[in-house]
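**Q** Take a look at this one; I'll ask things after.
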Amino acid sequence: MSQNLKTLTSFRLRSPSETERSLINKVKAGHPLSGLFENLRNVFKLDELGLEIAIIALPALLALASDPLASLVDTAFVGHIGPVELGAVGVSISIFNLVSKMFNLPLLNVTTSFVAEDASDKEIVTEFSLEPSPPDMEGLLSMEALNGNEEHWKAPEARPNEKPSLPSVSSALVLGTFLGLGEAFILTFLAGPILTLMGVDALSPMRQPAAQYLMVRAIGAPAVVVALAIQGVFRGFKDTKTPLYATMAGNVVNVILDPILIFTLKLGVSGAAIATIISQYIIVGLLLWVLAQKVTLLPPRMEDLRLGRFLKSGGYLLLRTMAILLVMTLATSMAARQGAIQMAGHQICLQVWLAASLLSDSIALAGQAIIATAFAKCEYKRVKEASFRILQIGFVFGVFIAVLLGATMPAFSRVFSTDVDVLHIIKGLIPFVALTQPINSLAFVFDGLHYGASDFAFAAYSMILIAIPPTAFLLVMPHFWGLLAVWVGLTLVMVLRMGVGFFRIGTATGPWSFLTENDAEHAFVLS
């Protein structure tokens, strides 16, 4: 034992010697973005990294796609009630989507990054391995270690039959609960003013069913927020299968209950809302049950929560989301001013444009989870490899989607409308919808990289600056160029988002400063 301690105490950190530093300086680091053009033939190779990306991204893609599909089924059932009810539910769903994007998505993204960091510290991986952590210096040099009590070397969370406690998990659940209750209160008691703000005044025939649907759906707000927070936890564990299974189970229940509650029990739009909230509580119940088997949901002491960290980073992402929504809302508003035909064509193209981003979001999620874990372990080579592989995959898929949309959208658009004038508008916008897909894909992937590196402040402030030029453009140019200017403005904001991502990594600033360091230098850090 004494010999082992002698060896361990002789372990030290040192800088490279002058001779070693001289050798290092002969190896010049390439440009920070040079890795983007390396190993292009291996973009889709199922090596260890490629397989990890696929395991995370594919279930995430299916989960992301399941919610829009369930919404389409809801819309189809409500559409059989009547056009007024369909319009009313459409407005209410838009309000829920707006609230979700503004408040819930920041919590989801922050949770993913922080849980990935905490899980790597406690050696919790995709399969929730609870293998003992290696003994640290303090444990080895303690009196218990000298007495040969190896059990003391194990971290508390690693002891057999004891579930680990991660502050990030508990913090996400607490914040999600309070945020959900707040959203429920607002949607219940401020439904009238919100609907008026959305253009559904007291005289509108949609007012009563919209308010009815909105207030019933408000009951499910806590379930929605907590479920998203738990999805962020599982994503941090690189487990996207569990959220997929839970979401699919809830959506199946929703589809089964819709016709029963809407038509058999004759509850109308309230029946549609009740079916939805039942499915949401089933989803959150399943996720909580599985999570409780793996980790401690609440810490022994409430002071162990790291709410300040969540609120600070979440606040940054809230600002970022508000800036994005400002541009998107302004674009929709300016399109509506062009007339009903132009607005119909714009809305169809916009939905296709946004739906095509689902694949990119799943790729970005894989990048976020992988590099958050690698950053936490200071595995910078892993960060570099994963970041550039994700960017390469994102670009290739963006090109694929562009070709696919360009070839199929002229015929596919007839599914949404048979009006000749609307189809003419869509035909003119197809180049924007298709050709911007590689740009959009890279922009979304860069978002994932920013979040994985916990670069939340840069992501927020850069988005606020990015929003200024397209906002000014959208306020002025649609008066001269019409709907064309709206799509130029949307393209401009995505180009700027992509450009800022390249700038951050290309200048090797913030968390990406390691890209200017030689790998050889790290080889001499430990000896």
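The values are calculated or read from the model by the stated rules, or taken from the named source; none is laboratory data. Since we're looking at a predicted model, the values are computed, not measured. Neighbour counts run over all protein chains shown; Cβ positions are idealised from the backbone, glycine included.
**Q** Of the residues that make up segment 414-431, is at least one of a type in the set (Val, Ile, Thr), assigned to a helix (DSSP H, G or I), over 20 Å from the mean Cα position of the chain (by Cα) and over 20 Å from Val486 (Cβ atoms)? Break it down stepwise before answering.
**A** Of all residues in segment 414-431, those of a type in the set (Val, Ile, Thr) come to 415, 418, 420, 422, 425-426, 430.
Next, from what is left, pick out any that are assigned to a helix (DSSP H, G or I): 415, 420, 422, 425-426, 430.
Within this subset, residues satisfying the condition of being over 20 Å from the mean Cα position of the chain (by Cα) are 415, 420, 422, 425-426, 430.
Subsequent filtering for residues that are over 20 Å from Val486 (Cβ atoms) retains 415, 420.
Yes, that holds for at least one residue.
**Q** Suppose we filter Ile393, Ile425 for residues that are in the same structural domain as Val500 (by TED's automatic domain parsing), touching a Cys at 6+ places or on another chain (Cβ under 9 Å) and either within 22 Å of Phe503 (Cα to Cα) or crowded, with 18+ Cβ neighbours inside 10 Å (or both); which single one remains?
**A** Answer to the check: Ile425.
**Q** Let me ask another. Kindly evaluate Ala443 against the criterion of being in a helix (DSSP H, G or I), closer than 21 Å to Gly501 by Cβ and either assigned by TED's automatic domain parsing to the domain that holds Leu33 or free of Cβ contacts under 8 Å to residues at least 24 places away in the same chain (or both). It would help to see each step written out before you state the result.
**A** Working: in a helix (DSSP H, G or I): yes; closer than 21 Å to Gly501 by Cβ: yes; either assigned by TED's automatic domain parsing to the domain that holds Leu33 or free of Cβ contacts under 8 Å to residues at least 24 places away in the same chain (or both): yes.
Against the criterion (in a helix (DSSP H, G or I), closer than 21 Å to Gly501 by Cβ and either assigned by TED's automatic domain parsing to the domain that holds Leu33 or free of Cβ contacts under 8 Å to residues at least 24 places away in the same chain (or both)), Ala443 qualifies.
**Q** OK, next. Only one residue in Ala472, Ala453, Ala508, Ala460 is over 13 Å from Ala335 (Cα atoms), surrounded by fewer than 16 Cβ atoms within 10 Å (Cβ to Cβ) and of a type in the set (Gly, Ala, Ser). Which one?
**A** Ala472
**Q** Another question, then. Thr332: out of contact with any Asp or Glu (no Cβ under 9 Å at 6 or more places or on another chain), assigned to a helix (DSSP H, G or I) and either among the aromatic types (Phe, Trp, Tyr) or within 20 Å of Ser417 (Cα to Cα) (or both), yes or no? Don't jump to the end; show me each part of the working.
**A** Details: out of contact with any Asp or Glu (no Cβ under 9 Å at 6 or more places or on another chain): yes; assigned to a helix (DSSP H, G or I): yes; either among the aromatic types (Phe, Trp, Tyr) or within 20 Å of Ser417 (Cα to Cα) (or both): yes.
Considered against the rule, which asks whether it is out of contact with any Asp or Glu (no Cβ under 9 Å at 6 or more places or on another chain), assigned to a helix (DSSP H, G or I) and either among the aromatic types (Phe, Trp, Tyr) or within 20 Å of Ser417 (Cα to Cα) (or both), Thr332 comes out as yes.
**Q** Being part of a helix (DSSP H, G or I) and modelled with pLDDT of 75 or more is the filter here; which residues of segment 17-33 pass it?
**A** Within segment 17-33, no residue meets the criteria.
**Q** Can you name the residue in segment 34-53 that is of a type in the set (Gly, Ala, Ser) and surrounded by 15 or more Cβ atoms within 10 Å (Cβ to Cβ) and is also modelled with the lowest pLDDT among such residues? If you could, list the steps in order and put the result at the bottom.
**A** Here is the first cut: in segment 34-53, the residues of a type in the set (Gly, Ala, Ser) are 34-35, 50.
From what is left, the residues that are surrounded by 15 or more Cβ atoms within 10 Å (Cβ to Cβ) are 35, 50.
Values: Gly35: 72, Gly50: 88.
Of everything passing the filter in segment 34-53, Gly35 is modelled with the lowest pLDDT.
**Q** Can you list the helices (runs of 4 or more DSSP H) lying wholly within segment 211-309 that have 2 or more residues being surrounded by 24 or more Cβ atoms within 10 Å (Cβ to Cβ) and aliphatic (A, V, I, L, M)? Give the steps one after another, and end with the answer.
**A** Numbers: elements: 221-236, 241-259, 268-294.
Once the helices (runs of 4 or more DSSP H) in segment 211-309 are filtered for at least 2 residues that are surrounded by 24 or more Cβ atoms within 10 Å (Cβ to Cβ) and aliphatic (A, V, I, L, M), what remains is 221-236, 268-294.
**Q** Looking at segment 372-390, is at least one residue crowded, with 21+ Cβ neighbours inside 10 Å and not in a helix (DSSP H, G or I)?
**A** no
**Q** Are there any pairs with C-beta distances below 6 angstrom linking a residue in segment 496-518 that is part of a helix (DSSP H, G or I) to a residue that is acidic (Asp, Glu), with the two at least 6 apart or on different chains, and if so which?
**A** Pairs found: Gly510/Asp455; Pro511/Asp455.
**Q** Have a look at Gln368, Gln392 and point out the one that is under 20 Å from the mean Cα position of the chain (by Cα) and farther than 21 Å from Asn109 by Cα.
**A** Just a single option satisfies the conditions, and that option is Gln392.
**Q** Taking the stated definitions as given, is Thr188 assigned to a helix (DSSP H, G or I) and either surrounded by fewer than 21 Cβ atoms within 10 Å (Cβ to Cβ) or among the small types (Gly, Ala, Ser) (or both)?
**A** yes
**Q** Exactly one condition in (1) modelled with pLDDT under 90; (2) within 30 Å of Leu61 (Cα to Cα); (3) not hydrophobic (A, V, I, L, M, F, W, C) is not met by Tyr245; state its number.
**A** (1)
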